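Peer 1: Here's a structure for you.
The values are calculated or read from the model by the stated rules, or taken from the named source; none is laboratory data. Being a predicted model, the structure only gives us computed values, none of them experimental. Quick reminder, even Gly has a Cβ in these numbers, built from the backbone with ideal geometry, and neighbours come from all protein chains shown. Accessible surface areas use protein heavy atoms only, side chains included; no ligands, DNA or RNA. Shrake-Rupley method; radii C 1.70, N 1.55, O 1.52, S 1.80 Å.
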Amino acid sequence: MREVRDTGSDLHQMRIRLGLGLAFVLLMFGLLVARLVYLQVWRYEDFRSQAEDNRISLVPETPTRGLISDRNGNVLAENVSAFTLELAPAQISDLNATIEELASIITIDPRDRRRFQRLREDSRKLETIPLKVRLSDEEAAKIAVARYRLPGVEIRARQFRSYPMGGSAAHLLGHIGRVSAKDLERIEQADDASNYAGATHIGKTGVELSYENQLRGIPGVARVEVSAGGRVVRTLSRTPPKPGDNLVLSIDIHLQKLLEDLYGDRKGALVAIEPATGEVLAFVSRPTFDPNSFVDGIDYASWNALNDDPDKPLMNRPLRGTYPPGSTYKPFMALAALTSGTRTPEFTIQDPGYFMVGKHRFRDSRPEGNGTVNLHKSIVVSSDTYYYRVAYEMGPDAIHDFMVPWGFGQITGIDLDNETTGLLPSSAWKMKRLKKKWYPGESPSIGIGQGFNAFTILQLSHATATLANGGLAIRPHVVRAIIDPLSRKQVAMAPPTSHQIEINPRYLELVKSAMIDVSREGTSRIAFAGVEYAVASKTGTAQVIGMKQNEKYNASRIAERFRDHSLFIAFAPADKPRIAIALIVENGGFGAQAAAPIARAAFDFYLLGKLPRDFDTRGLPGMDDDSALRDIPTDLEPGEVPLAGEREGQ
């Protein structure tokens, strides 16, 4: 029997369902309308501002870094433009796949990949990271064609720092490098982030570091409209960056290059100063390195090769290397002896070739001795015995107190960061550092520039310039002037600080006279034979390793790295000094043999414009091969060394 359906009940239920559905739809629609009103009316201003911010971006513009030139206008650090392939990791889903695809278009070297990975680790806050720098026009064109399918890949025109002289003066100029996490931390601590907006590079060493604030410039900003994909549509407004100031250094790059070439493959350091101004004329550190290799980020292999090199090419020897001064210390010891009353000019000793303290024999460089020796002769023949006795009688503290104003063991204040102090010993220093008292038997070695003495070549050059100045100590500096690149206004650096050492002018003249005779008839007479100007000088030889009391020094039986250092100080012309110099040739032996000829070449060039005949002037701006040249001795044979046999004293 068929069931009779109640259509009235079914219709009623249907109406209920339709009503509920309609109510739900109306409720949802009401919520949407309410949300729309909330967003479009109540939050209109907020979201309009956010939308505008998304549409308008502020793009920092990096300023052009200032140029660096020498005293004659020759450019030593400049900027060159080139294309760079850069990646924005935040915009790339598969970074490795993107790099591989790029490698199929242009050559991506393993070095490029390693540098990219290192920069990615060190520079997380940078918007883009360079994968390959200095693209050729052909490479840039290939990437530009494929960019539509490579999100996060950019080709940017950037300026790169370039050092056209290569390794010449590299330790003085220093170099720039990518901004690292450590740099960012330092910038933030100094509350200087605004001045590095958009910056990718910063000064790392040398002048580039010390004058970073002047060289970097002030960033600009561009207000640009961007698409939803982040592409720039147009520039709405722009505040241009202010380029960094240009620096004029005091060095003469021609003199610098000459001295570097004279060192050849030998290690050492040299600083030449203009006594009247404190300007550094040459700043040599050998061996050197090419600062261009650091600009884009040096690869691990090259870094390890430099860092592990036993000759330490990255070490700034004039600024941070410390050495015993050897007999170049004797003119200053002579002044100390005269000033303290320990010696008079007329006082003489008999030099038997040694000095005894108890049972210990301090040997003279001349085993047979120098006979009757007064102060003048002690400098000319470089008598060790004379200065053994002076130091023994004065003691370390009196010597220390006299040497401090001359800058030994002190920061010179040169306008370069990371200068080291060296070591000027005293009894208080030994007790504090070594927890031991000073013994009288330790004093004699100090008198001949050995023992605990350890000074930088910069300090030795500064002291030599002060001696040439009659005791007026002027702080050395390497920057002569700063030039505004927009106005071209040149501002000379403020006069360097100075102080006058209180010393009897007669004593100064006595010591200078003896140093002049060193060049005429003493230990450097061969190097300065036929010189056309008066030279005040002193040779020096410093021990690298100690010898047993009765053991005779024989360089041929010692590994080169353990041989004596060759030192030399001088200033010329002696009556009106224009240049003072101090240098060391590491493991070079006698001061008269290795170091003095280099100083002679420097003086002949700077004072007379003469060059060694075999000096290559190619690549040096402002010079040609037709310069007036004359043969200058650049080395002496062992048999030519005057007073041969001197070790500690010469």
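Peer 1: If you add up the charges near Gln189, with Lys and Arg at +1 and Asp and Glu at -1, over every other residue whose beta carbon is less than 14 angstrom from its beta carbon, what do you get?
Peer 2: Summing Lys/Arg as +1 and Asp/Glu as -1 gives -3.
Peer 1: Pull out the extension gain between Tyr439 and Trp303, defined as 0.36 nm times the separation in residues minus the alpha carbon to alpha carbon distance; nm, one decimal.
Peer 2: 44.5 nm
Peer 1: Another question, if that's okay. So who's got an amide H within less than 5 Å of the one on Glu61, skipping anything under 5 residues away but keeping other chains? H placed 1.01 Å off N, in plane.
Peer 2: Gly220, Val221, Ala222
Peer 1: Any idea what angle helix 505-520 forms with the longest principal axis of the chain, computed on alpha-carbon atoms, 0 to 90 degrees, nearest 10?
Peer 2: Helix 505-520 sits roughly 90 degrees off the main axis of the chain.
Peer 1: Pull up all non-local amide H partners of Leu135: gap of 5 or more, or a different chain, and H-to-H distance under 5 Å with H placed in the peptide plane.
Peer 2: Amide H neighbours of Leu135: Phe83, Thr84, Leu85.
Peer 1: In whole Å, how far is the Cα centre of the stretch 302-366 from that of the stretch 438-471?
Peer 2: Taking the Cα centre of each part, the stretch 302-366 and the stretch 438-471 sit 6 Å apart.
Peer 1: Shape of the stretch 358-399 from its Cα gyration tensor (a ≥ b ≥ c, root eigenvalues): rounded if a/c is under 1.5, otherwise prolate when a/b > b/c, or oblate?
Peer 2: In terms of gyration-tensor shape, oblate.
Peer 1: Determine, for each peptide in 68-77, 372-381, 165-174, the mean count of other beta carbons within 10 angstrom over its residues, then list the peptides with the highest first.
Peer 2: Numbers: 68-77: 19.1, 372-381: 21.3, 165-174: 23.3.
Ranked by mean Cβ neighbours within 10 Å, highest first: 165-174, 372-381, 68-77.
Peer 1: Starting at the first residue of the stretch 209-223, write each ³J(HN,Hα) from the Karplus equation 6.51 cos²θ - 1.76 cosθ + 1.60 with θ = phi - 60°, in whole Hz, x for Gly and Pro.
Peer 2: Karplus-based 3J(HN,Hα) across the stretch 209-223 equals 7, 5, 10, 4, 4, 7, 7, 6, x, 10, x, x, 8, 10, 9 Hz.
Peer 1: Mind ordering 396-404, 9-17, 528-536, 574-582 by average Cβ neighbours within 10 Å, highest first?
Peer 2: Top of the packing list down: 574-582, 396-404, 528-536, 9-17.
Peer 1: Can you list, bin by bin at 10 Å, the percent of alpha carbon pairs in the stretch 251-355, starting at 0?
Peer 2: All Cα pairs considered, the percentages come to 11, 27, 27, 18, 11, 5, 1.
Peer 1: Can you pull the accessible area of Leu424 for me, 1.4 Å probe, Å² to the nearest 10?
Peer 2: 10 Å²
Peer 1: In Å and from the alpha-carbon atoms only, list the Rg and Dmax of the stretch 376-509.
Peer 2: Radius of gyration, then largest Cα-Cα span, for the stretch 376-509: 18.5, 64 Å.
Peer 1: Additional query: For the stretch 330-441, take the convex hull of the Cα atoms, compute a quarter of its surface area, and give me that in nm², please.
Peer 2: Mean projected area for the stretch 330-441: 8.6 nm², to one decimal.
Peer 1: If one takes the longest principal axis of the Cα atoms in the chain, at what angle in degrees, from 0 to 90 and to the nearest 10, does the Cα axis of helix 253-263 lie?
Peer 2: That helix lies at roughly 70 degrees to the long axis.
Peer 1: Among Ala140, Ser168, Leu150, whose Cα lies farthest out toward the positive end of the dipole of the stretch 124-172, if unit charges sit on the beta carbon of Lys, Arg (+1) and Asp, Glu (-1)?
Peer 2: Final value for the positive-end residue is Leu150.
Peer 1: Separate question: With +1 assigned to the C-beta of every Lys and Arg and -1 to the C-beta of every Asp and Glu, and no other charges, what is the dipole magnitude of the stretch 454-545 about the Cα centre in debye, to the nearest 20?
Peer 2: Dipole magnitude for the stretch 454-545 comes out near 240 debye.
Peer 1: Determine the percent antiparallel among the DSSP beta bridges restricted to the chain, to the nearest 5.
Peer 2: 95 percent
Peer 1: Please report the net charge: other residues with Cβ closer than 9 Å to the Cβ of Ala570, K and R +1, D and E -1.
Peer 2: Charge balance in the 9 Å sphere: +2.
Peer 1: Something else now. From a point 7 Å beyond the Cα of Ala276 in the direction of its Cβ, which residues of the stretch 475-516 have a backbone N at a distance under 19 Å?
Peer 2: 475-481, 492-500
Peer 1: What is the helix-to-structure angle for 110-122, meaning the angle in degrees between its Cα long axis and the longest Cα principal axis of the chain, kept from 0 to 90 and rounded to the nearest 10?
Peer 2: 80 degrees
Peer 1: Follow-up. Compute the FRET efficiency between Arg506 and Arg361 as 1/(1 + (r/R0)^6), taking r as their Cβ-Cβ distance and R0 = 22 Å, and round to the nearest 0.05. Don't skip to the end; give the middle numbers.
Peer 2: Numbers: r = 35 Å, r/R0 = 1.59.
My answer for the efficiency is 0.05.
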